[in-house]
1. What do you get for trypsin sites (Lys or Arg not before Pro) in the stretch 411-495 restricted to DSSP loop and a cutoff of at most 10 other Cβ within 10 Å of the site's Cβ?
2. Report relative contact order for the stretch 27-182 in percent, whole number only (criteria: Cα-Cα under 8 Å, sequence separation at least 6).
3. Could you tell me which residue out of Gly291, Leu278, Tyr243 lies farthest along the dipole of the stretch 206-306 toward its positive end? Charges go on the beta carbon: Lys and Arg +1, Asp and Glu -1, centred on the Cα centre.
4. In sequence order, what are the phi-derived ³J(HN,Hα) couplings for the stretch 421-437 according to the Karplus relation 6.51 cos²θ - 1.76 cosθ + 1.60 with θ = phi - 60°, rounded to whole Hz, with x for glycine and proline?
5. Too long at a 23 Å Cα-Cα cut-off: which of Lys380/Lys442; Lys13/Lys38; Lys222/Lys485; Lys308/Lys415; Lys380/Lys415?
6. Note down the relative contact order for the stretch 322-419 as a percent, whole number, built from C-alpha pairs under 8 angstrom at least six residues apart.
7. How big is the C-alpha Rg of the chain next to the rule-of-thumb value 2.2 N^0.38 Å, as a ratio?
8. If you roll a 1.4 Å probe over the chain with all protein chains in place, what percent of the accessible area is carbon or sulfur?
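The values are calculated or read from the model by the stated rules, or taken from the named source; none is laboratory data. Nothing here was measured: the structure is a model prediction, and the numbers come from that model. For neighbour counting, all protein chains shown are included, and Cβ atoms are generated from backbone atoms with ideal geometry for every residue, glycine included. With ligands, DNA and RNA removed, areas are computed over all heavy atoms of the protein, side chains included. Shrake-Rupley method; radii C 1.70, N 1.55, O 1.52, S 1.80 Å.
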Amino acid sequence: MNITELFLQAAEKYPDHIAIQEEKRSITYAQLRDSMHKTAGYFRKKGIQKGDRVLVFIPMCIDLYRTVLALFHIGAVAVFLDEWVSRKRLELCCDLADCTGFIGIRKARIYSIFSPALRRIPVKLSMNTQMETLFPSAPIEENDPALITFTTGSTGTPKAALRSHGFLRQQFQALMREIQPTPYDVDMPVLPIVLFMNLGVGAVSVISPFNQKKPHAESMQKQAACLEKFSIDRITASPYFLYRLAERCLGDGRDTRGIKKIFTGGAAVFPASADLLLRGFPEADIQIVYGSTEAEPISAISAIELAKAHIEETHGLPVGRVNEHIALRIIPVMESNISNEKKELHTMFLADREIGEIIVAGPHVLAAYYKNENAFSRNKIIDADRIWHRTGDSGFTINGNLFLTGPCKQLIRRKDRYISPFITEYILSFIPGIAAGTIIEKNGRLIVFLESKHKDVVRLIPTEIPYDEVRFIHRIPRDPRHYSKIDYNKLMEML
């Protein structure tokens with residue numbers, strides 16, 4: 001079934017509900033449905049057919065969801081690029097996706113004049129043109145492609161995650177079980193995929209005026225004002241967004257008791273940060289979800305449980321009980337591809353408390369990449385009729401609960417144990433005067449990086465953190481999508 005049927009069913013039940021609320025305009029479910037049909041008619045007139053890939057370069061707004069729904073409706077494939085993507089990255093993604101059509105904001109259309117990759121796309125689509133037409137959703141098979149997104153890696157060939165209509169439905173159901181949305185929720189979703197889920201149940205989605213390109217520059221005053229202005233009772237956002245929002249609300253003395261649910265993911269949340277969220281939103285049921293582009297969700301933990309955790313005792317960050325609809329195993333950390341022989345894979349499974357790479361399989365685990373056999377070979381393991389995904393994250397299990405020890409490629413092997421930069425970062429975060437810190441290995445030397453203005457904090461580094469050198473840095477680089485994970489590749493380049 002076409003994934004847009006979920007939205008159309010919600011629009012039939014709740015036509016007068018606000019579907020999407022922006023800062024200065026809104027649209028009801030009935031209006032969005034009609035606008036989707038008219039946009040789909042325009043796309044069909046321009047020659048866009050089922051299976052055609054259309055590059056969408058539109059920030060998170062009403063027009064983005066109208067456009068993507070219209071593409072899904074006619075069976076076309078939306079190729080989605082985040083607004084923070086660099087020009088070099090945009091060119092790489094364009095070449096990989098080989099799109100038939102392109103639609104974007106004015107800035108993107110101007111840039112397309114100077115971009116060889118964008119100029120090669122034959123059909124340029126207008127964001128504002130629509131046609132009076134109505135036709136049923138395109139007939140869809142479960143494995144028909146619907147959406148292509150790109151992972152955040154900054155080097156090499158981008159990994160294009162290919163989601164089918166069937167996969168989106170499975171992910172929708174997985175998020176439904178985790179978030180349990182209702183048609184009467186008023187959500188502030190900063191994570192684009194969650195807004196699609198809201199559109200499938202009749203909930204209100206308030207788009208926050210948040211600059212994804214410069215998240216650290218946001219004062220969060222507008223975002224905090226939105227909570228009361230639009231009577232928001234649920235927030236789904238990255239940890240960084242929520243930390244800043246909690247700090248702003250606490251600093252202003254703002255009453256946030258109206259927030260009843262919070263869901264966050266995309267980066268690690270440590271106990272002290274969980275405590276900040278609990279203080280900032282005292283009446284909210286706060287759930288921290290662990291997952292990835294290829295598998296979301298994998299596990300979840302409440303902020304109350306996490307705030308009580310003692311990482312220095314477990315030597316791993318608790319991320320909750322493994323999702324009951326997903327299979328999870330731990331295998332040894334290795335850089336090479338893994339053979340597809342079932343017998344060999346089963347012999348690799350590690351026992352509880354043994355650190356290794358986390359692999360997952362299940363209905364909402366991505367099974368394919370678009371035109372990237374190398375990525376498939378590196379990240380997937382075929383095991384009979386099951387495809388496992390290698391998360392690239394290290395960790396261990398204890399009685400069905402998962403603990404993280406950070407990215408596999410960042411683990412530092414020393415004799416018979418691993419040094420985890422991930423856990424080191426947590427320990428350093430408690431030292432007064434250090435905003436952030438981490439450890440990396442370069443040419444056999446252990447280098448600690450500190451985001452601090454005080455050189456004397458070196459004497460406060462505990463003896464459990466071995467190092468050969470300490471370097472001070474103005475701001476440790478972070479990933480552009482969530483601004484929460486440390487960008488180790490960038491850090492190595494700086495080094």
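1. Lys415, Arg475
2. The value is 26 percent.
3. It is Tyr243, whose Cα lies furthest towards the positive end.
4. My calculation for the stretch 421-437 gives x, 4, 6, 4, 4, 5, 5, 5, 5, 8, 7, x, x, 10, 6, 6, x Hz in order.
5. Those over the limit are Lys380/Lys442; Lys222/Lys485; Lys308/Lys415; Lys380/Lys415.
6. Averaging sequence separation for qualifying contacts and normalising by length gives 29 percent for the stretch 322-419.
7. Here the Cα radius of gyration is 0.98 times the empirical estimate.
8. Carbon and sulfur together cover 50 percent of it.
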